[in-house]
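Asker: Let me begin by handing over the structure; questions about it come next.
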Amino acid sequence: MNTATVHFDTASEAREIGALLEPLTDRIEKDLTLELLARDLSVTIQGSEESTERVAGFIEELRTARNRTPLDRTAVGYAYEALNRGDDRVFEKLASIRIDVSPRKPAIFPKTLGQQVYLAAMLENAITFGLGPAGTGKTYLAMAMAVSALLNDDVSRIILTRPAIEAGENLGFLPGDFQQKVAPYLRPLYDALHDMLPSEAIETYIERGIIEVAPLAYMRGRTLNHAFVILDEAQNTTPQQMLMFLTRLGFDSKCAITGDLTQIDLPNKKASGLLEARTILANIQGLEICELSERDVVRHPLVQKVIEAYQAKRTF
């Protein structure tokens, strides 16, 4: 039996770390056949040499990470899952990218290793594809990168677009003019914006054309210079639309293309432009395709289980 002890500097640190570890304690003990004992300003770990070293290292990384990035029980749970899969320096990697979106809003950090890879790809490439199931943060993180680029004067405008394809509903029977009909399809983009910027700033940016939200059809014939462009729900583009969109990118611009290939709503079984692009563009320098998985879902834990169940029954 080997023993390792992690010491805390203050009572508040011990309480905070203890609260983050508390939901995982029983699982850690069962998974690694060891015992965790928290007392005063320390945690004692008893088990095999390998297990005690792994858990002690995990807690030490957690101590360091709490000073660099906001952590909650969910984030610590994701980090432990990654540790079980053999990943190392999990907290260090998650804290390696910080996206500042507003002085009045907290900074945004990746919550999973897949998100960290996705954010790094957007920093390094002119065009980044973010593919993955619902809840993996594809659109939200792309929006964070766009807002940060705008506030840092790396770009002069943000352009947000998505195809106006119905998911079982009939767009033609909705009330209102065309703009009112497509507004619900653009709502997720507005929601992400409002999470990062004050409402008054968003209204001002939209009025001045600094932020533009429009259906994909409005992109035809344009050249998008000095812009951060996000194409959301790209699985519902046709191959022709995807090519049209990709050739809009101008000088000093970046582009993020997000989509979920399990939720294609194109009518008459049309081919998806996103599916085709994943194959055709796989080896182009300056362009990266990131594939997030159910491990990167940051919604309710049941969402991950739902995705896993569906993926077990069908292939894409």
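The values are calculated or read from the model by the stated rules, or taken from the named source; none is laboratory data. Just so we're clear, the structure is a prediction, and the values are computed from it rather than from any experiment. Note: ideal-geometry Cβ built from the backbone for every residue, glycine included; neighbour counts use all protein chains shown. Heads up: the accessible areas ignore ligands, DNA and RNA and are worked out on the full protein's heavy atoms, side chains in. Shrake-Rupley method; radii C 1.70, N 1.55, O 1.52, S 1.80 Å.
Asker: By how many nm would the segment from A107 to L266 grow when fully extended, if each residue of separation counts as 0.36 nm and the alpha-carbon distance is taken off?
Answerer: 53.6 nm
Asker: Could I ask something else about it? Express in Å², to the nearest 10, the accessible area of Y78 obtained by rolling a 1.4 Å probe over the protein heavy atoms while all chains stay in place.
Answerer: Accessible area of Y78: about 40 Å².
Asker: Something else about it: Treating cross-link reach as a plain straight distance, find the aspartates and glutamates whose alpha-carbon is under 14 Å from the alpha-carbon of K111, omitting any fewer than eight places away in the same chain.
Answerer: Within the straight-line limit of under 14 Å, K111 reaches these aspartates and glutamates: D72, E81, E92, E294, D296.
Asker: Pull out the extension gain between L243 and E16, defined as 0.36 nm times the separation in residues minus the alpha carbon to alpha carbon distance; nm, one decimal.
Answerer: 76.7 nm
Asker: Who wins for biggest fluctuation among L37, L131, L94 in a Gaussian network model of the chain, springs between alpha carbons below 10 Å?
Answerer: So, out of L37, L131, L94, the one fluctuating most is L37.
Asker: Using just the alpha carbons, could you tell me how many Å³ per residue the convex hull of segment 11-130 encloses?
Answerer: Residue-normalised Cα hull volume stands at 114 Å³.
Asker: Can you tell me which lysines have their Cα less than 21 Å from the Cα of K105? Leave out same-chain residues fewer than eight positions away.
Answerer: The qualifying lysines are K138.
Asker: Something else about it: Ranked from highest to lowest mean number of other Cβ atoms within 10 Å per residue, what is the order of the peptides 256-268, 4-16?
Answerer: 256-268, 4-16
Asker: Which of these values of Cα Rg over 2.2 N^0.38 Å was calculated from the structure shown: [x] 0.96; [y] 1.14; [z] 1.33?
Answerer: Among [x] 0.96; [y] 1.14; [z] 1.33, the one calculated here is [y].
Asker: If each residue of separation counts as 0.36 nm, what is the full-extension length gain between A214 and L151 once their alpha-carbon separation is subtracted?
Answerer: 20.6 nm
Asker: Using 1/(1 + (r/R0)^6) with R0 = 41 angstrom and r between the beta carbons of T44 and S293, what's the FRET efficiency to the nearest 0.05?
Answerer: Approximately 0.70, to the nearest 0.05.
Asker: Given points 7 Å out from each Cα along the Cα-Cβ axis, report the E35 to E53 separation in nanometres with one decimal.
Answerer: A separation of 2.3 nm, rounded to one decimal place.
Asker: Which of the peptides 108-121, 62-75 is most tightly packed, and how do the rest follow, judged by the mean count of other Cβ atoms within 10 Å per residue?
Answerer: Top of the packing list down: 108-121, 62-75.
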